[in-house]
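Below is one structure, written out as structure tokens; the observations come after it.
The values are calculated or read from the model by the stated rules, or taken from the named source; none is laboratory data. Please read these numbers as outputs of a predicted model, since none were measured by experiment. Glycine also receives a Cβ, built like all others from the backbone with ideal geometry; neighbour counts cover every protein chain displayed. Heavy atoms of the whole protein, side chains included, go into the accessibility calculation; ligands, DNA and RNA do not. Shrake-Rupley method; radii C 1.70, N 1.55, O 1.52, S 1.80 Å.
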Amino acid sequence: MFQTEVFLAVLYHLEPILPATSVISWFDIVFRPALREPKLPTSSIKHAKELIITALLKTEEAYGEKVKEFRRRLMDLYLLDAFNESSGADVLEWAELDKAQRDKRSHWKRNLEDMLLSFGTKRPEDLMTEVYIHFETPASRLQLLMFLSRYTSETSFTDSSAIMAGHPLTRSIIRCLLLDTSSTVCTTGLTLLVKLLPLYATHARATLKSNLGRLLAVLARLMCWKERPPASICEPSDEQPLDLDFEEELDRETNRLIPIRPDLKWERLQVTFDATVSLPPSSRPFFTMLYYLYPSNLLQFLSSPAQYLIKNETRSPYTLNWPEALDEEEIRHRSERLIREHVCHPVLVRRDAAAELSEPEFWAKYTASRIITEAGMLDVRHSALGIQFQEQPAQEEIDVEPFRDGLPAGLLRPIDLSNEKATISLTDMINTTVVLRSNLDPPSEAGSGPEEISPHIVQIISGLQRELLLLRNELNFELWLSRENVKHIGRLYQDRIQFKSAEYNKLRNYRARVVALEAELREHKQQASSAKNKYADWNNELQKKLRELRDEKKAWITEAASLRTAEKEARALFAAQGKLLADATSEVFLLQTQKKETQHKIDRLHDYERQIEQHLNMQRLWDSDFAKFNERKEQIDLMRNQYQQMKMQLESYQHTQAEMENSARANRRRVQALEAQLAQAHSSHRGHDEKHLTEIEFAAFTAEKTSLLEANKQLKEDNNELKDEVEELRAMVEYLKAQHSGHKGLIAEPRASPIQFASSPQTEPST
């Protein structure tokens, strides 16, 4: 043992460089005996487990196939080599072992289970695949379901629930509940499924919704389950074959087996314990959970099970269709009691069956513990259980009736799990123990071997074995349920603490606000008192200002009267100036009319001038072409000089014109300034100093305005003459440019008349 301990410690320290094949090769030599030894230190057992788990996780190495085979072998050892509580042979063998051997087998099974659970925590999909592969063997299903029940009770399984929801193992569990006829297996599988539903609702809602039809089919199958009597065990006689045939025929009539579809390739598990009464699995927890998750769909299914499954496109696993496979009257009859024992779901008021599947679920944001607790609150018995315990503090013992096949009344019969509570008499337990010991253990006084076990004792052992498994399964479920309830209670307590702290903070804030408001009220009172005093002072000041304003108003009235007089005089003056302005406007209109009357004569003169100029140009071109052909060069030079002179003269004329325009613009500004002075003089009549304007100043102003208008007219005429000269010079320049460029046409382009350019400024209105 010491050598094993040292060797395991060395291997544990070499684990980073130790390949998986080394652990696999030393498994039978070192690890398997170590895991069977209960006296080995806990640290060595821990080292052995961690080495094996590490080897199972190294699937990416070159020896991945060997690791998978080793993993499958561990599962085979757990199912075949470890103690199987559901096997009658293992139970009888267990009874013959001494305490040391029992400890070894218990230690070996516990270690195998711990390693598989640890591996499942790190590699959940690989473990589920191995369980799925071994689940096809009917003899291993009960043991695998017990293992899965332990696996799902682990706290780390919550993160792996989504993986299991989409794994084929879930479909295999549902098929087991639909097709197997072993009540023990179905009871264990149903407990497992009840534990998985809240986790699926939290982490895999889409998968749960897609499997709703199969889950309701499982509920229908459980409601159609009938109690199976135990197998008859009697002494051989001549009439035994007739009795067996009759019992088989009666059993076929009572519990008919519907054939399974061949494409499923499912091997049905008939019976796990032959010698006991097979009570139907309790569908109450499963019904409660489905009723909480999908109440409208459940009630619609119970009203017409076959039609609902067909509408939901749930295929029947049997060779018969759903209407032939299901006993709808039995389902409705059994569901009535369950519905009466559950309170009305509040969601039924708001949603129907179609809305439950199309809209988001009301429990979409709930935790698994909250779903479990609230689902349990729908059951009426849970609320009435505490009152029942208070009313019945001591439960009386239930008399055990003798078995139908002649067993003594002192022996314990199988426990009826259909009720909520089961009571076993202590006397019955003692008598059963005495009978078992007398039949199984060899007598200590006599030297002969052990006697043959009676068939009645085998039946009792089978019943006890089944009850032990069911009680252990129920214990695990209750522990898991208690743990989830504790989580929910902790969350509620935390919410309560947060609510109380929030209320305390609100009260503290309210108190601080009250203190602040009281201080603000005192401040407002002080401000109101000071404001009252200020109002009295302000009222006195307003009275004083009112007297001043009244005096000022009187002065304004006097001044307004004087201003009205001045206004009348100014209006008379404006009327006289308006008459003068109308006369000037009429004179301008007459001049413009006269100009328009003589405009056609001027245009005709322009046409004559163009024709004369064209004839002259034709003559000039003719002379230049024939008479002065040899003097072209001299003429060109002369024309260049003339062109430069004309250009300079044109620039001087343009400069002179710009100066005259500037002087005219200055004169216009002066006229505008004088007009502004005139307007200012009119407005200044409102003052006390310039109330009366003499007629002499008005006449001088009129004369000055007339002289300015004449000067402006003279400047316009000069400007027009200059523009005419500029146009003539521009025409001459164009002509010279045409000659210089070699133009030899007979008729030149008509040029614009300088008179037209000169007359255009005259049409502008006088400023």
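Taken over region 625-653, the criterion of being open to solvent by less than 80 Å² (accessible area, probe 1.4 Å) and touching a residue at least 60 places away in the same chain (Cβ under 8 Å) is satisfied by Asp625, Ile636, Met639, Gln642, Tyr643, Met646, Gln649, Leu650, Tyr653.
A single entry from Leu580, Leu590 fulfils the requirement of being out of contact with any Pro (no Cβ under 8 Å at 6 or more places or on another chain) and free of Cβ contacts under 8 Å to residues at least 60 places away in the same chain: Leu590. If only residues of region 77-115 that are among the acidic types (Asp, Glu) and not in a helix (DSSP H, G or I) are counted, the one that is modelled with the lowest pLDDT is Glu85. All of Lys737, Lys691 fail the test of being at pLDDT 50 or above and in a helix (DSSP H, G or I), apart from Lys737. With the checklist (1) open to solvent by 60 Å² or more (accessible area, probe 1.4 Å); (2) touching a strand residue (DSSP E or B) at 6+ places or on another chain (Cβ under 6 Å) in hand, flag the one item Leu378 doesn't pass. The single condition Leu378 does not satisfy is (1).
Pairing residues of region 553-573 that are closer than 14 Å to Ser683 by Cα with residues that are basic (Lys, Arg) and open to solvent by less than 100 Å² (accessible area, probe 1.4 Å), at Cβ distances under 7 Å and at least 6 apart in sequence or on separate chains, gives Ala566/Lys691. With a requirement of 1 or more residues that are under 29 Å from Thr202 (Cβ atoms), the helices (runs of 4 or more DSSP H) lying completely within region 295-385 that satisfy it span 295-303, 305-311, 328-340, 353-358, 368-377. Inspect all residues belonging to region 124-145 and state whether any of them is small (Gly, Ala, Ser), open to solvent by less than 40 Å² (accessible area, probe 1.4 Å) and part of a helix (DSSP H, G or I). Among the residues of region 124-145, at least one is small (Gly, Ala, Ser), open to solvent by less than 40 Å² (accessible area, probe 1.4 Å) and part of a helix (DSSP H, G or I), which makes the answer yes.
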